[in-house]
Ligand SMILES: Nc1nc2c(c(=O)[nH]1)N[C@H]1C(S)=C(S)[C@@H](COP(=O)(O)OP(=O)(O)OC[C@H]3O[C@@H](n4cnc5c(=O)[nH]c(N)nc54)[C@H](O)[C@@H]3O)O[C@H]1N2
Ligand SMILES: Nc1nc2c(c(=O)[nH]1)N[C@H]1C(S)=C(S)[C@@H](COP(=O)(O)OP(=O)(O)OC[C@H]3O[C@@H](n4cnc5c(=O)[nH]c(N)nc54)[C@H](O)[C@@H]3O)O[C@H]1N2
Ligand SMILES: [Mo]
């Protein structure tokens with residue numbers, strides 16, 4: 001049994017469906033409790049500086065863009081928690097590590113590990129005592145440098161990025177890897193939106209969405225697919241409520257009816273708060289089968305095409321003729337897909353599909369927005385391409401209020417890719433990088449997240465560097481990932497807080513503590529700022545304002561430069577000079593990266609700048625030079641008899657592997673994370689009652705099975721044949737070989753599972 005992830009519950013497991021509006025007083029109460037617990041009572045002062053038009057730091061929470069109206073204090077419960085989590089007064093020093101061995105700490109919950117507070121000084125693993133002991137920065141860098149230099153091949157090292165690394169550090173990090181000679185740059189995006197990037201690039205010649213918040217403000221119909229916005233992008237609630245007030249249609253597509261699809265009270269609407277006045281945030285809910293989104297989208301497209309026979313305005317034929325290719329083939333595929341198949345695969349009735357199609361047809365401008373409910377599937381790429389197909393039918397691209405709008409996760413995950421974190425880099429990018437930086441970048445594709453773990457298993461990766469994140473816990477196949485990390489010669493984790501990845505380590509291991517985004521970054525030429533890019537391609541500066549948690553912390557650029565200088569003694573890259581003044585990094589980036597011309601000036605404009613999106617201007621960098629319809633066949637996603645399609649997701653009170661409590665407010669759950677939400681009929685069929693302990697067994701593509709015992713069953717309103725539970729606990733069930741052939745993403749939203757009543761006790 002794996003150690004517990006969440007804290008020790010404060011009471012008995014509790015479940016009762018939640019009927020209050022999202023955000024509002026529930027959020028305010030939860031924030032207050034959290035501020036008190038973290039003893040971060042200067043939190044509110046810091047929060048006033050967050051996401052500010054001029055200066056201030058970027059919320060390290062999600063990648064939802066800042067409100068461009070400037071005046072509103074646009075923040076959310078989870079953003080506040082995220083910032084206070086970093087600003088906690090608690091500290092982990094050398095005494096802590098002296099008092100607790102690594103084996104002891106391994107038994108602690110993940111909550112308890114992070115709850116110890118901020119890391120304060122570099123530590124190295126001492127195998128003899130099984131403790132982490134202090135090490136100087138210089139010796140730490142020397143150890144990494146030596147380990148990297150001793151490798152037979154630079155491809156024996158792998159450099160992971162979690163999506164909050166700022167753009168400047170990102171650029172230095174990929175430069176380090178490529179100067180060493182490897183494209184092994186796995187990142188959290190490999191588990192997150194890889195499918196979206198690949199699909200958008202294939203269809204439109206850009207890996208990103210094309211809309212911004214102004215478009216959200218102007219659209220007539222919003223389709224929100226596979227995202228739990230109230231918890232994971234709470235500032236979207238503002239946009240949804242505004243859209244509803246304007247009279248826009250808002251269609252939510254999700255197996256679960258999530259809080260954001262109902263009503264909200266926006267915390268910064270003080271009058272609404274005082275009056276308990278809630279605004280609706282949805283006009284139609286479609287409870288799609290897990291993995292059934294492509295069928296649903298095809299159903300809408302088919303209805304629109306049917307309608308076009310009698311109503312020529314149903315399609316934007318002029319747009320289709322002028323800007324797209326592949327339409328006739330797509331029309332044929334839609335015609336050839338029978339309604340019965342669409343209904344069976346999507347679990348949505350034809351009547352509901354026609355209703356959604358009418359909304360889409362009657363809207364002048366539509367936006368389709370999506371997140372992990374779409375991307376973390378075997379057919380994630382085809383599904384995102386189907387989203388684009390649907391948009392193209394009515395020319396919903398390249399004009400105000402219309403287009404695709406993926407919701408990114410980590411605050412700078414999009415910027416990481418823009419700035420070079422890519423295990424499959426474009427040759428043109430490598431050419432420019434080589435030319436400007438005077439290096440010879442490797443050309444062969446590198447390893448992604450799953451590829452890195454598999455290479456460790458084979459003994460092919462020996463040095464692992466984690467630049468933020470919690471690789472051990474976030475990656476699939478927990479037990480296999482642990483074993484893989486333990487085969488490494490050296491594991492290095494650059495982190496702000498203690499986590500599982502420090503305790504699942506190689507023969508040698510380092511914990512390198514770094515500054516957080518809220519903290520002042522003092523370098524030779526003064527206080528430094530870093531830039532980030534949000535979900536809508538806006539790039540802006542972030543400047544920390546807090547005194548660093550410890551005087552021994554280094555910034556991420558300084559850590560990377562330290563490693564580079566030790567690993568590449570003959571490097572002509574001016575690593576130390578770059579770190580003295582990040583403007584110098586930005587000047588180099590301006591020469592290498594598309595859309596970053598005049599970077600230093602433009603990033604200092606009050607709201608930063610938007611990276612040009614060719615597809616937004618109807619310029620398509622595809623082989624045909626046009627937007628390309630795709631005509632993929634519908635996959636069969638109906639689970640075989642007796643099995644369920646089990647998806648993993650976040651609770652309200654967690655940030656990926658960081659767990660704040662055992663509660664999931666909007667789903668009505670308290671004091672419980674080891675649960676599985678099931679359809680009541682599926683429970684009855686298996687003689688399972690509410691809170692019964694159950695065993696969950698997954699079957700992988702290679703036929704191997706994995707089991708979690710003693711999870712508690714919770715009856716929930718979701719389609720038959722579907723079930724859901726929490727990440728990261730359920731990563732135990734996802735085999736390493738269970739990744740999408742289209743995107744290489746682990747199948748985190750579709751585990752083939754059987755569930756039965758346990759003979760044993762409940763998991764604790
Ligand atoms: N507070 C908070 N904010 C976060 C995060 C966090 O952990 N906490 N994580 C950040 C990160 S890295 C990311 S990537 C995002 C993640 O944001 P989300 O994508 O919202 O993340 P999940 O919790 O995985 O929820 C996925 C949603 O998809 C639905 N779903 C599951 N399967 C399907 C399906 O087959 N079809 C459809 N249509 N829907 C489905 C689930 O019911 C759920 O509502 O949030 C970011 N923001
Ligand atoms: N089963 C399942 N698994 C999933 C998912 C899922 O839906 N289901 N979602 C996947 C997704 S979308 C993602 S993005 C990944 C997330 O994977 P990761 O990004 O690897 O994980 P996080 O939990 O976000 O990382 C938390 C850690 O980051 C460190 N940290 C925080 N702030 C900073 C900082 O400023 N600098 C540095 N250097 N470190 C910092 C802290 O030490 C903290 O412990 O998980 C993936 N795993
Ligand atoms: Mo993510």
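So in segment 187-208, with the set limited to residues that are modelled with pLDDT of 95 or more, assigned to a loop (DSSP other than H, G, I, E, B) and surrounded by 24 or more Cβ atoms within 10 Å (Cβ to Cβ), which one is nearest to ligand 1 (Cβ to nearest atom)?
In this case the residue turns out to be 192.
Return only the number of the condition from (1) part of a helix (DSSP H, G or I); (2) under 20 Å from residue 26 (Cβ atoms); (3) more than 25 Å from the chain's Cα centre (by Cα) that residue 260 does not satisfy.
With respect to (1) part of a helix (DSSP H, G or I); (2) under 20 Å from residue 26 (Cβ atoms); (3) more than 25 Å from the chain's Cα centre (by Cα), residue 260 is out only on (3).
Just to be sure I understand the filter: pairs with C-beta atoms under 8 Å, separated by 6 or more residues or on different chains, first member in segment 180-195 and more than 24 Å from residue 294 (Cβ to Cβ), second member modelled with pLDDT under 95 and within 16 Å of ligand 3 (Cβ to nearest atom). Which pairs pass?
187/163; 187/413; 188/163; 188/409; 188/410; 188/413
Would you say residue 139 is without any contact (Cβ under 8 Å) to a residue 24 or more places away in the chain and either under 31 Å from the mean Cα position of the chain (by Cα) or assigned to a helix (DSSP H, G or I) (or both)?
Yes; evaluated as a whole, the condition is true for this residue.
Looking at 182, 161, 84, 120 in this structure, which one is modelled with pLDDT of 95 or more, within 16 Å of ligand 1 (Cβ to nearest atom) and either closer than 24 Å to residue 37 by Cα or surrounded by 17 or more Cβ atoms within 10 Å (Cβ to Cβ) (or both)?
161
Within segment 151-170, restricting attention to residues that are closer than 23 Å to residue 454 by Cβ and away from ligand 2 (no atom under 13 Å from the Cβ), which residue is farthest from the chain's Cα centre (by Cα)?
152
Just to be sure before I move on: is residue 380 within 30 Å of residue 648 (Cα to Cα), under 24 Å from the mean Cα position of the chain (by Cα) and modelled with pLDDT of 95 or more in the structure I sent?
yes
I need the full set of residues from segment 330-377 which are touching a residue at least 60 places away in the same chain (Cβ under 8 Å), over 20 Å from residue 315 (Cα atoms) and more than 16 Å from ligand 1 (Cβ to nearest atom), in order please.
341
Taking residue 715 as the residue in question, decide whether it is surrounded by fewer than 24 Cβ atoms within 10 Å (Cβ to Cβ), in contact with a helix residue (DSSP H, G or I) (Cβ under 6 Å, 6 or more places away or on another chain) and over 19 Å from residue 227 (Cα atoms).
When the stated conditions are applied, residue 715 passes them.
Give the number of residues within segment 315-348 that are over 22 Å from residue 200 (Cα atoms) and under 31 Å from the mean Cα position of the chain (by Cα).
Final tally of qualifying residues: 7.
Working carefully through the options 384, 407, find the one that is closer than 19 Å to residue 620 by Cα and in contact with a strand residue (DSSP E or B) (Cβ under 9 Å, 6 or more places away or on another chain).
Step by step, each of 384, 407 is checked, and only 384 is closer than 19 Å to residue 620 by Cα and in contact with a strand residue (DSSP E or B) (Cβ under 9 Å, 6 or more places away or on another chain).
Can you say whether residue 408 is assigned to a helix (DSSP H, G or I), within 16 Å of ligand 2 (Cβ to nearest atom), closer than 17 Å to residue 188 by Cα and touching a residue at least 40 places away in the same chain (Cβ under 8 Å), as far as the supplied structure shows?
Taking the combined requirement at face value, the residue does not satisfy it.
The values are calculated or read from the model by the stated rules, or taken from the named source; none is laboratory data. The shown structure was predicted, so the numbers you read here are calculated from the model rather than taken from an experiment. Note that each Cβ is placed from the backbone with ideal geometry, even for glycine, and that neighbours are counted across all protein chains shown.
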